[in-house]
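Note sheet for the following structure.
The values are calculated or read from the model by the stated rules, or taken from the named source; none is laboratory data. Keep in mind it's a predicted model, so treat the numbers as computed, not measured. Note that each Cβ is placed from the backbone with ideal geometry, even for glycine, and that neighbours are counted across all protein chains shown. Heads up: the accessible areas ignore ligands, DNA and RNA and are worked out on the full protein's heavy atoms, side chains in. Shrake-Rupley method; radii C 1.70, N 1.55, O 1.52, S 1.80 Å.
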Amino acid sequence: MKSFKSLVCGTAMCAAGAAHAVDLEVTHWWTSGGEAAAVAEFAKAFNERTEHTWVDGAIAGSGGVARPIMISRITGGDPMGATQFNHGRQAEELVEAGLMLDLTDVAEAEGWRDIVHPVSLLDSCTIDGRVYCVPVNIHSWQWIWLSHAAFEEAGVPVPANWDEFVAAAPKLRESGIVPLAMGNQPWQASGAFGVITIALAGPEAWAAVSVDKDAEVAAGPVYAKVFEAAAAAREMRQGSNVQDWNQATNLVITGKAGGQIMGDWAQGEFQVANQMAGTDYSCLPGLGVNEIISTGGDAFYFPKQSDPEVEAAQKELASLMLSKEVQVAFNLKKGSLPVRGDVDLAAANDCMKKGLAILAQGNILPDANQTLSPDTLGQIEDLMTEFWADSSISAADAQERYADIIANAD
């Protein structure tokens, strides 16, 4: 398929873009080793395949740290050329305020609706029939990563599911190994709870709560089991003593922790450490209980600019990010799945192949960012941060507060 630039060559926009190179600032929160290697593929392609220059605007921390900075710049009249958000509703108010570039002409020229799989990712970029972002990957939270060295040291087999992992925790602890690695960033606690929910309550119960906002299900016996499991996991994570998610991943890589509940972006860290899936570590989608993946991930939005030459460069970058070669190069480094279903991923490792197989079977759910508002997600994150940090909060008390949040969710 031709690029957007080739499709419109001969127009005033193409002529302007070819005549004047643009320095395009791109903000994102990809700063760990694996993330930096992945985003470098975007920068390399943009610098080599266009006349423009990628100006890297990495913001250290996490999405929770970076998003307020990005939003403040956009609303404050200092927009960047492109910025990362997660699939879903995070940029909804910015689009409604008329602050984001409409990419519909690019999407229609290149047939994005025919190549983005699942198409719900493009729907998350679409408001009132207009496309405002380019989805670049599928990231699923639904994984636990297990250190072979840790379980060998403890003298127990590598678990095949969550129950076996819980059963092995005492042996890990006796060997001086933290059973469950988890950093202290709030989103990690909230994300781990979501993974446990889908694995143990099941996709239907999760959808009833996170899609339909059914507070009765959230307050019921199925979710009671989830909160009890989360309370047990809270004890297993004691001793992690790290802040960032990739520091927790490193505990697994070095055999200091048995496992980590984390999205498939953790694969990038294992790759940087030259570890091999199936040999040095194992991955269990859906905690080995419900093999399913959520179709969250990352998308890039392009804040409106007054300069038509900048706008032309923005659309070139949007097109490039969805091109076949760039999709493969980026996602192999990132550990995520491509949003295109027509690319060759023969080089994918065992864990990525598991994800691809699940995606091909259609065993997918939307990500909570696609179903709940940022305000509701923030309330859940605050609750989970408190719950995971304070063992005096009972599972029952946390469940009651959670159900109240769902009852008032928007």
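Before moving on, here are some points about what is shown:
- Once the 1.4 Å probe is applied to the protein heavy atoms, the chain comes out at 39 Å² accessible per residue.
- Cross-link reach list, lysines versus K333, counting only Cα pairs under 30 Å and skipping chain neighbours closer than eight places: K2, K5, K44, K256, K304, K315, K324, K353, K354
- Within the accessible area of the range 222-369, the carbon and sulfur atoms contribute 48%, probe 1.4 Å, all protein chains present.
- Cα point-scatterer Debye curve for the chain, base-10 log of I(q)/I(0) at q = 0.10, 0.13 Å⁻¹: -0.66, -1.09
- Protection-proxy order for peptides 192-199, 380-387, each taking the mean of Cβ atoms within 10 Å per residue, highest first: 192-199, 380-387
- Distance histogram in 10 Å bins (all Cα pairs of the range 368-408, percent per bin): 28, 54, 17, 0
- Expressed as a whole percent, the accessible surface of the range 15-136 that belongs to carbon and sulfur atoms is 49, based on a 1.4 Å probe.
- Cβ-placed point charges (K, R +1; D, E -1), dipole of the range 161-284 about Cα centre in debye, nearest 20: 360 debye
- In the chain, the calculated helix contribution to ellipticity at 222 nm averages -15000 deg cm²/dmol per residue, counting -39,500 (n - 2.57) for every DSSP H run with n ≥ 4.
- Volume of the Cα convex hull of the range 281-410, divided per residue and given in Å³: 175 Å³
- Simple label model, 7 Å out from Cα along Cβ direction - T104 to K324, nm: 2.9 nm
- Cα pair distances in the range 227-271, grouped into 5 Å bins until the bin that holds the longest one, percent each: 5, 20, 31, 23, 14, 6, 1
- The value for the range 149-282 of Rg(Cα) / (2.2 N^0.38 Å) is 1.09.
- For the range 130-185, the convex hull spanned by the alpha carbon atoms encloses 130 Å³ per residue.
- Relative contact order of the chain, defined on C-alpha pairs under 8 angstrom at six or more residues apart (%): 28 percent
- Between 0 and 90°, nearest 10: helix 350-361 axis offset from the chain longest Cα axis: 80 degrees
- As computed over the range 108-155, the Cα convex hull volume per residue (Å³): 108 Å³
- FRET efficiency for V166 and H20, using Cβ-Cβ distance with R0 set to 41 Å, rounded to 0.05: 0.10
- Extreme residue, positive dipole direction of the chain, given options L287, S62, A348 (C-beta unit charges): A348
- Dipole magnitude of the chain about its Cα centre (Cβ charges: Lys, Arg +1; Asp, Glu -1), debye to nearest 20: 760 debye
- Reduced Cα scattering model of the range 49-132, Debye log10 I(q)/I(0), q = 0.11, 0.16, 0.23, 0.24 Å⁻¹: -0.36, -0.75, -1.26, -1.28
- Cα lying deepest toward the dipole's positive end in the range 289-410, options I406, L359, G296, charges on Cβ: L359
- Charge dipole (the range 173-241, unit charges on Cβ, about Cα centre) - positive-most of V195, W206, A181: A181
- Per-residue packing, averaged as other Cβ atoms within 10 Å, sorts the ranges 327-335, 356-364 into the order 327-335, 356-364, beginning with the highest.
- Placing +1 on the Cβ of every Lys and Arg and -1 on the Cβ of every Asp and Glu, with no other charges, gives the range 340-402 a dipole of roughly 400 debye about its Cα centre.
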